[in-house]
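Note sheet for the following structure.
No lab work stands behind these numbers, since they all come straight from the coordinates. For clarity, every value in this text was computed on a predicted model and none was experimentally measured. Positions of Cβ are backbone-derived with ideal geometry, glycine not excepted, and every protein chain shown enters the neighbour counts.
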Amino acid sequence: MPRHADPDQTRHRRRGRGTIVGTHIPVMPRQVVEVLRPQDAKVVVDCTIGYGGHALSILRLMPQDAVFIGLDVDGPQLQRTAERLKGLGKDVRLHRCNFSQLPEILAKEGLDKVDVIFADLGASSMQIDDPKRGFSYKHPDSPLDMRMDDRLGTTAADLLLNLSEEELDRALWELADEPDHQRIAQFIVAQRAVKPITTTSELIRLIFAAKGTSQKAWLKKKTYHDPHPAALTFQALRIMVNNELENLRRLLDIAPGLLNSGGRIAIISFQRGEDMIVRTAFRAGLEQGIYKAICPKAIRPTINEIRSNPRSSSGRLRWAIRA
Ligand SMILES: C[S@@+](CC[C@H](N)C(=O)[O-])C[C@H]1O[C@@H](n2cnc3c(N)ncnc32)[C@H](O)[C@@H]1O
């Protein structure tokens, strides 16, 4: 797999061996609680609660009187997770919102500072495995939606219709390192002049054509580890649709102002661009005295975890402690 292959797609590749459809296996849950020390916290924020896997590990360790704030942009998913976390006897407060709005949520809750901020980036297995949502090249004829938050106005199909060739070209290169960025952008613009690209199958066919091959020919010669030729284009579109890098930068900007002294932040990313943003922000924070300690290098899943949950393989966990 090339270094920049779509991490989320990678996480969801071997469905048979790992995640049961409709669920999500948390990545590095043991390392997350070791780093965050929820047993010492009074207020914990999980910015990306998803299916609640990390939340359960954190809640089990949190003191009885501590407050747990869980955020997610995905309304229906959040409802399911709320059911899952019921009955734990802990103070769990869930909000459907973007983590970039964390200061407003804390103000609503009457909270000033927190002890723990955690984010597990990207889409969940439930989102990727849902054929109605168009996240995966594995689902033929799905609508090219890709919104984690269905209140957002722009879908992947809208971007394919409205971005200029230059914007598409740049996004494919900068957000996914797609080697055939220029040709794919050219093919998209030529195809949409005839008919808008609205389904996963249409986009996949176009990508194969831009790469000068066909799905049939590729299937014949591919090895188990070869990434799907459409993976990088799907990755770039998903990042754009959900403003993922902007949201992450905003979270990293606001986090120091929300953490108590000694408070801990940890972020799991699955893609090179995100990890660079986290690493740069934590290093700058350490140099400026905002953080008193940061992880010397990213924590990676163990071989055993990757064996039992291959989707974890591209995960990188980074942490910092507020000065
Ligand atoms: C990888 S999943 C988290 C899985 C979770 N840690 C678990 O153990 O089940 C990421 C989740 O974050 C949500 N998400 C992504 N970006 C977000 C943002 N900017 N604000 C809030 N939620 C976001 C997605 O909807 C998705 O449910």
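Multiply the residue gap between LYS132 and GLU104 by 0.36 nm, knock off their C-alpha separation, and tell me the result in nm, one decimal place.
Length gained, LYS132 through GLU104: 6.9 nm.
Say the cut-off is 24 Å between C-alpha atoms; which of LYS195/LYS222; LYS90/LYS132; LYS90/LYS113 go over it?
LYS195/LYS222; LYS90/LYS132
For Cα pairs less than 8 Å apart in space and 6+ apart in sequence, what is the mean separation divided by the residue count of the chain, i.e. the relative contact order in percent?
After rounding, I find 23 percent.
Go ahead and run the numbers for FRET between ASP40 and ASP150, Cβ-Cβ distance against an R0 of 41 Å, rounding to 0.05.
Details: r = 37 Å, r/R0 = 0.90.
Efficiency at R0 = 41 Å is approximately 0.65.
ARG80 versus ALA284, label points 7 Å from Cα toward the beta carbon: distance in nm?
Placing both labels 7 Å beyond Cα along the Cβ direction yields 3.7 nm.
Compute, for the chain, the length of the dipole vector about the Cα centre, with Cβ point charges of +1 (Lys, Arg) and -1 (Asp, Glu) only. Units Debye, rounded to 20. If you can, show how the numbers build up before the last one.
Numbers: 48 positive and 39 negative charges, 248 e Å.
Computed charge dipole of the chain: roughly 1200 debye.
Would you mind estimating how fast the chain diffuses translationally, via Stokes-Einstein at 37 °C and 0.692 mPa s with the Kirkwood radius over Cα pairs, in µm²/s? Mind showing how you got there, number by number?
Details: Rh = 20.4 Å.
Translational diffusion coefficient: 161 µm²/s.
By how many nm would the segment from ASP226 to LEU88 lengthen if fully extended, with 0.36 nm per residue of separation less the alpha-carbon distance?
Between ASP226 and LEU88, full extension yields 45.4 nm more.
Dipole of the stretch 153-241 (Lys/Arg Cβ +1, Asp/Glu Cβ -1, origin at the Cα centre): which of ALA209, VAL241, GLN186 lies farthest to the positive side?
Ranked along the dipole, the leading option is ALA209.
Obtain the radius of gyration and the Kirkwood radius of the stretch 168-294 from its C-alpha atoms and give Rg over Rh.
With Rh from the inverse mean 1/r over Cα pairs, Rg/Rh is 1.13.
How would you rank 51-63, 308-320, 184-196, highest first, on the average number of other Cβ atoms within 10 Å across their residues?
Details: 51-63: 19.9, 308-320: 22.5, 184-196: 16.2.
Final packing ranking: 308-320, 51-63, 184-196.
Full extension from LEU61 to ILE306: what is 0.36 nm times the residue separation minus their Cα-Cα distance, to one decimal in nm?
85.7 nm
Where in the stretch 126-152 does the amide nitrogen come within less than 16 Å of the point 7 Å from the Cα of LYS195, taken along Cα to Cβ?
Inside the label zone: 141-144.
In the chain, what % of DSSP beta bridges are antiparallel (nearest 5)?
35
What is the packing order of peptides 249-257, 214-222, taking the mean over residues of other C-beta atoms within 10 Å and listing the highest first?
Numbers: 249-257: 17.9, 214-222: 10.8.
Order by mean packing, descending: 249-257, 214-222.
Over 5 Å intervals from 0, what percent of Cα-Cα pairs in the stretch 153-241 sits in each interval?
Percent of Cα pairs in each bin: 2, 15, 27, 27, 17, 8, 3, 0.
Give the long-range amide H neighbours of GLU178: residues separated by 5 or more places, or on another chain, with amide H under 5 Å away, using H modelled in the peptide plane at 1.01 Å from N.
Under 5 Å from the amide H of GLU178: TRP173.
Mark the label point 7 Å from the Cα of LEU111 along Cα→Cβ and return the residues of the stretch 244-283 whose backbone N is within less than 15 Å of it.
Within reach of a label on LEU111: 255-261, 263-266.
Per the Cauchy relation, a quarter of the hull surface: what is the mean projected area of the convex hull of the alpha carbons in the stretch 113-184, in nm²?
Projected area, direction-averaged: 7.2 nm².
Please list, in chain and number order, the residues 5+ apart from VAL67 or on another chain whose amide H is under 5 Å from its amide H, with Hs placed from the backbone.
Residues meeting the criterion, in which the H sits 1.01 Å from N, are VAL43, VAL44.
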